[in-house]
Structures are given as C-alpha cells and as structure tokens.
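The values are calculated or read from the model by the stated rules, or taken from the named source; none is laboratory data. Predicted, not measured: the structure shown is a model, and the values here were computed from it. In this analysis, Cβ positions are derived from the backbone assuming ideal geometry, glycine residues included, and neighbour counts consider all displayed protein chains.
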Amino acid sequence: MMFANWKDIDRMFGNMDLLQSRLERIMTDFNRTRGYDPSWTVTESAPRTNLYDKGDYFEILVEIPGFSKEDLNVKLQGNYLEMSGTRKTDAPEGYCCHRAERGISDFSRSFTLPSEVDATRVEAMMANGFLTMRLPKSEAAKPRQVTIS
C-alpha cells in the first residue's frame, strides 16, 4: 500500500484513533457490572468504589491513589454519602515538568446507601491509596428477630 502524501498517513492514524476509542467504549460497557443503582456508575474522573454489607455495618473501599487525607472531604447525612477531593501537583516549586500524566485532578461522588447510618460511629482510615470507611447501620435499620408466640 502506497501513500500519496502525509495527509493519507494522518488520515490512517486518525482512523486508528477512532477505532481505539470505540473499542475502549465497547469494553467499558462490557466490563460494567449490571443490576446496581445507576448512582453507582463510574465516570472516568471518579474513584472506583466498592460497598459491602457486613450485617451491622457497611464497609466502603475507595481507590484514591495520590490523595492525602487533607485532600478529601467526606459528608454523611442519614443514608446519603458525599465524597470529594482534589489532588494537588507534586512537582517541586521552580522545577520544569517535561511530562505530566498524573496531573491535578478533583472528583465529587455521592451515593444513596441502602439504609441509614449512625454518623456518630463512622470510622475512616487511609492506607496504600485506599480509603476504607466503616459505616455502622442505625438501630432502626438493623434487622431484628421476631419471636412468634
């Protein structure tokens, strides 16, 4: 195959980029877990989050590499959880950056939890780029055994 000029080469690479973006979109749709609340869908800039029901409490695991605890803001009211954060630049002042793939970014996510949480007993800790939160269910939300007489 011969190319008449550089425009043909540019067009070929443009078509390859278009194909790659369509394949990525198809694979994202294919890999997405179905059957959950639409508020749990992941956007490109949002941290990936898992929610586990451990009986008396919920546990949330959030991927937040490059964020410090000072960069995060977490609010909880009833069964509504809101998280936001801003990752600042890590380049030292006065230095010239030749390549930046991990730039400054921020996110905001909110979730409606399956039941209300006791906000006074929430525990949160960060380690190895993960935020782990233990959210105790409110007494009204806990299942109770009913005795039949």
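Key figures
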quantity	calculated
Positions within the range 51-82 being touching a helix residue (DSSP H, G or I) at 6+ places or on another chain (Cβ under 9 Å) and farther than 24 Å from Ser105 by Cα, in sequence order	Tyr57, Gln77, Gly78, Asn79
Extreme residue, modelled with the lowest pLDDT, among residues of the range 112-133 that are assigned to a strand (DSSP E or B) and surrounded by 17 or more Cβ atoms within 10 Å (Cβ to Cβ)	Val117
